[in-house]
Amino acid sequence: LALVALAAAVLGIGTGGQAGAAPRWLALERHVWAPALGVQILFAVDGLSAALLALSLGLGIVSIVVSWNITRHVPLLNAALCWTVAASNGVFLSFDLLVFAFFWELMIVPAFLLIAIWGHGEREAAALKFLVFNAVAGLGLLAAVFYLGATGDPVTFDTFAIAARGVPPALQAWLLSGFALAFLVKLPVPPLHAWLPDAHTMAPTAGSILLAGLLLKTGAYGLFRFPVLLFPQGMAELAPFGLALGGFGTIYAALVACGQTDAKRLVAYTSVAHMSVVLMGICGGVPFSLMGAGIVMVAHAFSASALFLLLGAIYDRVGTRDLRELGGMQRSVPRFAAAFALFFSATLAMPGTSNFLGEALVITGMFQVQWLYALITLVSLVVSVVYATRLFKRVVFGTSRQAEVTEDLRLRELGPIVVLAGCTLLFGLLPQLLMVPFQTAVDAATLPVAAVTGAP
Amino acid sequence: MMAASVLAVLPLIVLGTGAVLAMLLAPRARADTVRAAAGLALVVALAAALRRMGTPDLSSAMLVDDGLARLGQALVCATGLGTLAFLRPARPAREGPALVLLATLGAAVLCKANHAATLFLGLELATLSLIALFVLPLTRPALEAGYKLLILGGIGAATLLFALALTYAATGSLTLQAWAGRGMLVSLGTALLMAGLAFKFALAPFHMWTPDAFSGAPAAAAALAGTASKIGVAVVLVRLDAAGPPEPLWHMGLALIAGGSILLGNLQALRQTALPRMLGYSSVAQSGYVAAIVASGGAGGPTAVMFYLAGYAPALIAALCVAASLGPQARPEDLHGLAWRNPLMGAVLALALMSLAGLPISVGFFGKYYLFAALIRAGAWGLLAVAALGTGLGVYVYIRFLAAAFRTAPSSAPLPLPMAEGTVLVAGAAILLGLGLYPGPLIAALRLAFA
């Protein structure tokens, strides 16, 4: 079954890659689905969605390969993994709001099952926390979507039609808050992040990879795409709050990350910090910051997934992720050490990695918006050096206090790591590969706001 | 004209004669024969109701035959069919199928009721046959459930009669249109009418019989009480709403008990440890959603009510069917490993619970859409907030049991499942999944009914 899933996923990438070059959308599919409800299948792909689609399918394969050693309920595991990937693909594709909401809600159950069945420790509680946060936040999205669709005449959920019709300015901020609630919880941004550290820590490795690589990205993607298209005035009103929230989030999460002893928890908090940067980039609303946000989204998927994979591999071997017990890897297991070195430097945005490019662009953009936020991002970069080096020092150098890792990375683990490392470096060294396809999406995201705020 | 009016009441005729026939057959024929005969009657009645779709409306002083009635009847017959299949009365009780037919007949009469007499007749027919169905196993919990329904249903019936009498005194008419009257007596009547219907509809604070029915009575009987009779009462609510009882009493009162039911049902369901009792409280909450749609008084209300019920009925029947196979006190621990002990049951239970929670790929998601959209269009923001809170709580309620089904089991012995239950589960899953992915046909049917 896993093999079938793999083959299907690869096939999906193949067809995704064939999309031709159209001015705005690489591909746009429109089919009637439930006309009485005003629902249609409206899938559109541009560079951003294509990159995220490829990412999600790639991470899907990685997560299936990574969980090869799980022996419990294998068919259901693979079903849940594919279900998650399929649902997030739907999110990346849909431009019919009801279908979008459909896929959005669809992500919850498989991720819940992944954590609740194959997780570690207090997995039930973590899974329920994840569920409650996301289900309640999802209601905000649902209510806003239903409002947008049901009050129109004729009833339609077509994003473009709604955008063309225009949403009453007085309502935009409210409806945007509904959308933003769902997106910000999924992203997540402090103070809405309480579900994430537990969910990541308790989830199995594959679950963590999909959570960090895909589910968080659906939140970022949603923020990137819909607010500007549907609620330009609302976005102009609320963007400063978004910036402030992002600024707070990135510093807060980075500081909290410094204090963690569980390595997986630490990485989870770094995810929160990076996603807060993405939020700042999106709310900045200038081409630089938006481009940066897009690149951080992709880059973070590589680095966080790889770190979760490595930590999962350590946990499989010694049964602990406690920083106080690990250590001395650079002598006993050099491949581990090398992989850690690369992805730590990616996390702290070392030049040469794609993370650096993204963060640098966000910071550049922030200078155009407000120098204070640029300062905050810079400070958060400094803090990220602190936590990353601390993690690196504890895990890789020194001597192991209690848990010595003796077995180096196996082929099954090495393969995905090499691929992820390759991607991180490739897009870090050749940023044009990402920037050119993202350009149309960035343009689309900047224009309406500029039209409202009067900026050139 | 004559032929048309006969065709219009054909479902009732078929159900009634079917019930009598099943009763006659019961002492002599084999249990399966009786069941098959009852099933046949339900199928014929279902077909007769569906055949009338799209034809001109007919109405008399007592009964009305319009799109709403036809759709309601079809739904009622379908739920009757579903519950009949897994009705497992202990020991000789062969009257089961006949009673199912009678309860279905009562609900079908409610769907057509246009007059106080038919309204009361339908309600009592449904309630009395449900009481008999509840006590069929003759166990203590079943008797308790039966007594509770008998006493509370009796109070409900008395309240309803009093309400009808008051309106008659005020307006001199017994048709449902009489509720359009104004004045002290009609207002008092409206309040009592709401209470009487709330007893049957399991709305808080008149819901006390529901959880006991779900945990004590045979699951099929509880499913019938939760679906068929509820569909009938919902149709009555929609018709009364169209008649326009005194305001603001009607909408305000309905909104209050709807909101109360949503909150109380979900909060109580949160605390339950047994699957059937949880479903009982959840059905209180689901009644609350339906009542909230009616209370909002929006133009799309009837469509939303029928869509919601059409999605709710198969989910509840499937969930109760699984619960019945696990025993009346199925705690989350008893559900452990269900997905591996019997994959069909595990999968269908998961689907049914997802549908009740309103999560996608099941029809419940669109039910939730219709609910929210109806409240939004009517501008009922307070009710919308309560419904949103309720669905938020609901997700947690249902997923708790869903997760239990996927946990590792202490024993992995396969769980046997009789053929009939299997059929019900497969059919229920097909409806939930089919309409969840492609709701077009149901929407088309609703359009036809409310054209």
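The values are calculated or read from the model by the stated rules, or taken from the named source; none is laboratory data. Remember, predicted model here, so these are calculated numbers, not experimental data. With ideal geometry, Cβ positions are generated from the backbone for all residues, glycine too; neighbour counts draw on all protein chains shown. Protein only, heavy atoms only, side chains kept; ligands, DNA and RNA dropped before computing areas. Shrake-Rupley method; radii C 1.70, N 1.55, O 1.52, S 1.80 Å.
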Checklist entry - Looking at chain A, do any whole DSSP H helices span at least 30 angstrom along their long axis by alpha carbon and average 1.0 or above on Kyte-Doolittle, and which? => result A:123-151, A:232-258, A:263-284, A:287-318, A:371-396, A:432-453
Checklist entry - What is the set of long-range amide H partners of B:Ser59 at a cut-off below 5 Å, with H atoms built 1.01 Å from backbone N? => result B:Asp65
Checklist entry - With each run of n ≥ 4 DSSP H residues scored as -39500 (n - 2.57), what mean residue ellipticity at 222 nm is computed for chain B after dividing by its residue count and rounding to the nearest 500 deg cm²/dmol? => result -25500 deg cm²/dmol
Checklist outcome for this item: Short to long, in 5 Å steps from zero, the percent of alpha-carbon pairs of the range A:42-126 per bin is 3, 14, 21, 22, 18, 12, 7, 3, 0
Item to check | Probe 1.4 Å, accessible area per residue of the protein assembly as shown, Å² | outcome: 34
Checklist entry - B:Ser5 to B:Ala180: FRET efficiency via 1/(1 + (r/R0)^6), r the Cβ-Cβ distance, R0 30 Å, to the nearest 0.05? => result 0.70
Item to check | Spread of Cα-to-Cα distances over 10 Å intervals beginning at zero, given as percent, for chain B | outcome: 5, 23, 34, 27, 9, 2, 0
Item to check | Farthest toward positive dipole pole in the protein assembly as shown [+1 Lys/Arg, -1 Asp/Glu at C-beta], among A:Leu93, A:Gly60, B:Ile13 | outcome: B:Ile13
Checklist entry - Taking the Cα centre of the range A:285-413 as the origin, how large is its charge dipole in debye, to the nearest 20, when only Lys and Arg (+1) and Asp and Glu (-1) carry charge on their Cβ atoms? => result 240
Checklist outcome for this item: Buried by partner chains in the range A:111-132 (accessible area down by at least 30 Å² vs chain alone, 1.4 Å probe, heavy atoms, protein only) are A:Phe112, A:Leu113, A:Ile117, A:Glu124, A:Leu128, A:Leu131
Checklist entry - With +1 on each Lys and Arg Cβ and -1 on each Asp and Glu Cβ, how big is the dipole of chain A about its Cα centre, in debye rounded to the nearest 20? => result 800
Item to check | Over the protein assembly as shown - Rg/Rh using Cα atoms and the Kirkwood inverse-distance radius | outcome: 1.02
Checklist entry - Does the range A:205-261 come out rounded, prolate or oblate by the C-alpha gyration tensor, with a ≥ b ≥ c the root eigenvalues, rounded set by a/c under 1.5 and, if not, prolate when a/b is larger than b/c and oblate if not? => result oblate
Item to check | Charge-dipole axis of the protein assembly as shown as Lys and Arg at +1 and Asp and Glu at -1 on Cβ define it, positive-most pick from B:Trp179, B:Thr83, B:Leu383 | outcome: B:Thr83
Next on the checklist: Using only protein heavy atoms and a 1.4 Å probe, how much accessible area in total is buried between A and B, to the nearest 100 Å²?
Outcome noted: 3000
Checklist entry - Which residues' amide hydrogens lie under 5 Å from the amide hydrogen of B:Thr175, considering only partners 5 or more residues apart or on another chain, with H built in the peptide plane? => result B:Ala116
Checklist entry - Percent of accessible area on the protein assembly as shown owned by carbon and sulfur, 1.4 Å probe? => result 71
Checklist entry - Once you charge only the Cβ atoms, +1 for Lys and Arg and -1 for Asp and Glu, what is the size of the charge dipole of the protein assembly as shown about its Cα centre, to the nearest 20 debye? => result 1140
Item to check | Under the Karplus curve 6.51 cos²θ - 1.76 cosθ + 1.60, θ = phi - 60°, whole-Hz ³J(HN,Hα) for the range B:200-214, x wherever Gly or Pro sits | outcome: 6, 8, 6, 9, 5, x, 10, 9, 4, 6, 5, x, 5, 4, 5
Checklist outcome for this item: Checked against the positive end of the charge dipole of the protein assembly as shown (+1 on Cβ of Lys and Arg, -1 on Cβ of Asp and Glu, about the Cα centre), the farthest of A:Leu238, B:Ala103, A:Gly294 is B:Ala103
